[in-house]
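Written below as structure tokens is the structure these notes are about.
The values are calculated or read from the model by the stated rules, or taken from the named source; none is laboratory data. Because the structure is predicted, anything quoted here is derived from the model rather than measured. As a convention, Cβ positions derive from the backbone with ideal geometry for all residues, glycine included, and neighbour counts pool all protein chains shown. Remember, those area values only see protein heavy atoms, side chains included, never the ligands or the DNA or RNA. Shrake-Rupley method; radii C 1.70, N 1.55, O 1.52, S 1.80 Å.
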Amino acid sequence: MKFKDMQYLRPDFDDIISRGRELVKSVAKAESFKKSLDSYMLLDTLEKDVATAVTLCHIRTSIDTNDEFYKAEMDYLNEQIPRVQEISNLIAHAVVEGDYKEDYKNKFGQYFIDKHEVSLSTFAPEIIEDLVEENKLSTEYGNLMASAKIEFEGETHNLSGMEPFMQSTDREMRKKANFAMWGWIAAKQVELDEIYDKLVKVRHNMARKLGFENFIPLAYARMGRTDWNAEDAKIYREQIANSVVPFAQKLYLEQAQRLGVDDMKNYDYNLEFLSGNPKPLGDEKYLVDKALNMYSELSSETKEFFEMMVNRELMDLSTKPGKRGGGFCTTISNYGVPFIFSNFNGTSGDVDVLTHEAGHAFNGYMQRDVSPEALSDYTMEVAEIHSMSMEFFTHPWMEGFFGEDSEKYYYAHVSSAIKFLPYGASIDEFQEWVYTNPEATPKERRNKYREIEKKYLPHLDYDGMEYLENGGRWQKQSHVYSMPFYYLDYTISQICAFQYFVWDMKEHGAAWENYMHCVKRAGFVPFKELIKECGLKSPFEEGCIDSVLPGLEKFIASLDKNKIV
Ligand code: ZN
């Protein structure tokens with residue numbers, strides 16, 4: 001069945017809620033485990049029906065924001081969804097506190113129980129008002145940043161509209177754009193401080209009400225992290241500080257030489273190549289054809305997967321009028337298929353969609369028969385391994401996408417991933433300090449960030465821009481406001497993906513086989529156990545990062561520097 005033929009059915013929420021409540025009772029107390037499990041699976045079906053409707057509606061309004069029918073349906077669903085969340089919470093209670101906890105554990109594994117338990121620890125009715133407040137503040141931040149109107153070069157731009165100027169090959173232009181953009185943010189400092197201050201306090205309060213010492217363990221629980229904690233994160237970040245920072249500094253030096261600038265300022269780092277960023281050779285049709293060929297050569301599973309994506313029209317890739325911006329990958333539960341949404345714009349980002357988002361989609365497809373859904377629920381640092389590793393497994397085909405520019409692509413891909421790690425660690429270390437010291441003033445927070453920044457990004461010279469000199473950069477990072485402690489996940493997955501990359505260059509067969517295991521087993525066991533099963537070293541183990549860097553260094557050294565200009 002093609003995407004266009006998939007039927008949207010508006011869920012009957014009253015019926016779902018009343019049936020849900022009954023079923024939950026029999027999950028907790030039934031004559032037998034079999035009866036309890038039957039009820040659990042029926043609840044799973046109800047949740048899948050709702051999820052399918054929401055996903056179909058979301059995709060269709062995203063493709064055509066002017067579609068009145070789906071627009072109205074989306075409003076309706078957004079209103080109703082919180083009601084279903086009550087049922088999810090009751091299910092967790094029924095499994096964990098009901099008569100059959102042991103049986104569920106024996107059937108689905110310890111992690112299944114842990115996931116339900118950790119989700120319960122994040123909620124109590126006493127925090128409902130705080131959650132509303134948190135959500136309101138986070139929206140306020142989003143609205144404030146989206147309201148940016150920057151007068152520049154005779155036109156008005158929003159924040160992302162400033163990007164092309166920030167990457168200009170003309171240094172004066174980069175500098176002016178940088179001062180204009182950060183100048184706008186600096187002018188909002190009081191508001192940004194106020195929103196963040198309130199967020200920190202409301203989060204700390206919630207944590208205390210739920211019995212946590214501070215917000216950090218609550219944040220970890222909200223991320224579903226059951227098997228690693230802030231101590232692990234600390235060991236991990238130290239490896240980045242000790243090993244990745246010096247490596248990244250070398251890459252920044254190479255960048256300075258490439259650009260011919262000997263007093264690099266922060267705005268110079270936005271430009272990688274004087275000859276421009278690597279560009280794909282064609283439009284959607286060209287790139288999808290190349291991807292079809294690539295995935296059919298990579299493995300029989302990827303061949304089947306990608307042919308299906310094309311034949312069943314499960315990708316909407318090009319920009320068109322009325323289409324929402326951005327991109328995502330999602331799964332349409334009842335049809336057992338993923339869907340990729342994006343806005344191709346002729347940059348290397350188009351190819352990333354066909355490798356990164358396709359990596360997510362591939363995992364969704366390989367787990368299409370996993371039931372109940374809670375079994376295949378996994379944390380973000382696991383999800384991004386699937387996608388980021390696929391970016392590397394597909395390296396051998398990149399010439400088809402980039403032609404002459406492929407050396408530049410390889411260089412940019414690997415070096416930017418390395419350069420990202422210290423920044424990611426700085427954001428995490430900052431947040432850890434913030435929530436350990438919830439009473440700190442905005443000025444103290446800024447001082448702390450600048451101190452941490454100097455540890456991870458010692459090369460940054462802000463050219464007299466006071467706001468950044470004083471430690472304001474994190475205020476542009478939306479995750480700090482809206483998704484606390486999420487940021488480190490990207491870096492952890494990156495370290496895992498690097499391991500597959502280095503392994504793949506040596507022994508493709510073994511690396512791919514282990515990656516396939518990672519794709520299929522995600523959600524069955526927690527992060528640390530999963531990567532152990534999949535032949536990877538834990539990033540939390542000392543020495544892990546040191547073991548992967550030489551392979552990356554060797555790869556970068558093997559590239560033709562004459563083509564990287
Ligand atoms: Zn991703």
Taking every Cα atom in the stretch 276-338, find the radius of gyration and the maximum pairwise distance Dmax, and write them in Å.
13.7, 44
Report, as a whole number in µm² per second, the diffusion coefficient that Stokes-Einstein gives for the stretch 27-102 at 20 °C and 1.002 mPa s using the Kirkwood radius over alpha carbon pairs.
152 µm²/s
Looking at the stretch 96-184, which GluC sites (Glu not before Pro) are in a loop (DSSP not H, G, I, E or B) and have at most 14 other Cβ atoms within 10 Å?
GLU153
With every protein chain present, what is the per residue accessible area of the chain (1.4 Å probe, Å²)?
43 Å²
I'm a student and want to see the number: the projected area of the Cα convex hull of the chain, averaged over all directions, in nm².
25.5 nm²
Kirkwood Rh and Cα Rg combined as Rg/Rh, the stretch 368-423
1.15
So if we plug the beta-carbon distance of ASP114 and ASN562 into 1/(1 + (r/R0)^6) with R0 = 60 Å, what FRET efficiency do we get, rounded to 0.05?
0.70
What full-extension length gain, to one decimal in nm, is calculated for GLU231 and ALA146 as 0.36 nm per residue of separation minus the Cα-Cα distance?
27.0 nm
If I model a spin label at ASN242 and ASP67 as a point 7 Å from the Cα along the Cα→Cβ vector, what separation in nanometres do I get?
5.4 nm
C-alpha long axis of helix 406-436 to longest principal axis of the chain, angle in °
70 degrees
Kirkwood hydrodynamic radius (C-alpha pairs) into Stokes-Einstein, the stretch 1-127, 20 °C and 1.002 mPa s, D in µm²/s:
133 µm²/s
Given a Förster distance of 41 angstrom, what is the FRET efficiency for ILE81 paired with LEU159, based on the Cβ-Cβ distance and rounded to 0.05?
0.90
With the calculation restricted to Cα positions, what are the radius of gyration and Dmax of the stretch 515-558 in angstrom?
12.9, 39
Count of lysine pairs in the stretch 451-565 with Cα atoms under 17 Å apart, counting only pairs 8 or more residues apart in sequence or on different chains?
5
222 nm mean residue ellipticity, helices alone, for the chain (DSSP H n ≥ 4; -39,500 (n - 2.57); rounded to 500)
-20500 deg cm²/dmol
LYS136-MET516 pseudo-label distance in nm [points 7 Å out on the Cα-to-Cβ vector]:
5.3 nm
Compute the relative contact order of the chain as a whole-number percentage, counting only Cα pairs closer than 8 Å that sit 6 or more residues apart in sequence.
17 percent
Within the stretch 117-141, what residues put their amide N at less than 18 Å from the label point 7 Å along the Cα-to-Cβ vector of ASN205?
123-141
Calculate how steeply helix 189-209 sits against the longest principal axis of the alpha-carbon atoms of the chain, using the helix alpha-carbon long axis, and give the answer as 0 to 90 degrees to the nearest 10.
30 degrees
Inverse of mean 1/r across different Cα pairs in the stretch 218-259, Kirkwood, Å
12.5 Å
The stretch 154-287, relative contact order [Cα under 8 Å, separation at least 6], %:
27 percent
Efficiency of FRET between LYS320 and ASP99 - r from beta-carbon atoms, R0 51 angstrom, step 0.05:
0.40
Nearest 10, in degrees from 0 to 90: the angle of helix 68-97 to the longest Cα principal axis of the chain is 70 degrees
Any cysteine of the chain lacking a neighbouring Cys Cβ under 4.7 Å - listed by number:
CYS57, CYS329, CYS496, CYS544
Gained length - LYS476 relative to TYR286, 0.36 nm times residue gap less alpha-carbon distance:
64.8 nm
For the stretch 283-381, report the % of Cα-Cα distances exceeding 19 Å.
42 percent
The stretch 210-310 - convex hull of alpha carbons, volume per residue in Å³:
252 Å³
